[in-house]
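Scroll down for the structure; my scribbles are underneath it.
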Amino acid sequence: GPGGIATYTTDADPDAVIAFHRARAEASGLSSAMAMNQGDARAYGAAAEDNSGKLLRVVATPVDGGTTSVQLDWTTGK
């Protein structure tokens, strides 16, 4: 289905990035489907419970200089 990929950097730490995207995913009706912590990196995934195929995945990794690199991908359904 339609979707996309976005990457960006931010001054927010990985935990704050995940909290931001988790809150918006849940506000839009998605349910948490996975979470992962590996070292300082964080990942989060959410999906619709209605089998519509809607999903969101976020990976936030700290990089040199105190910023966080974020990769976000999503699909809006089948």
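The values are calculated or read from the model by the stated rules, or taken from the named source; none is laboratory data. In this text, all values refer to a predicted model and were calculated from it rather than measured experimentally. Please note: Cβ atoms are built from the backbone with ideal geometry, for glycine as well, and neighbour counts cover all protein chains shown. The protein model used for the area step is the full one, side chains on, heavy atoms only, and it has no ligands, DNA or RNA in it. Shrake-Rupley method; radii C 1.70, N 1.55, O 1.52, S 1.80 Å.
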What percent do you get for the relative contact order of the chain when only Cα pairs under 8 Å and 6+ apart count?
39
Using the alpha carbon gyration tensor of the chain, what are the three equivalent-ellipsoid semi-axes (square root of 5 times each eigenvalue), largest first, in whole Å?
23, 12, 10
Relative to the longest principal axis of the chain, what angle (0 to 90°, nearest 10) does the C-alpha long axis of helix 14-27 take?
20
Calculated from DSSP helices alone, with each H run of at least 4 adding -39500 (n - 2.57) and the total divided by the residues of the chain, [θ]222 nm to the nearest 500 comes to -6000 deg cm²/dmol
Vicinal HN-Hα couplings computed from phi for region 65-77 (Karplus, 6.51 cos²θ - 1.76 cosθ + 1.60; Hz; Gly/Pro x):
x, x, 9, 10, 8, 10, 10, 10, 9, 8, 9, 9, x
Work from the charge dipole of the chain (Cβ charges, +1 for Lys and Arg, -1 for Asp and Glu, about the Cα centre) and give the residue of Val58, Gly4, Met36 farthest towards its positive end.
Gly4
Applying the Karplus parametrisation 6.51 cos²θ - 1.76 cosθ + 1.60 with θ = phi - 60° to the phi angles of region 35-47, what ³J(HN,Hα) value in whole Hz is obtained for each residue in order, glycine and proline being reported as x?
8, 8, 10, 9, x, 8, 7, 10, 9, 8, x, 9, 8
Rounded percent of accessible protein surface that carbon and sulfur make up, the chain, 1.4 Å probe
51
Please check which bits of region 43-57 a label hung off Ser69 would reach, taking the label as a point 7 Å along Cα-to-C-beta and the cut-off as backbone N under 15 Å.
43
Distance in nm between Phe20 and Gln38 label points, each 7 Å along Cα→Cβ, equals 2.3
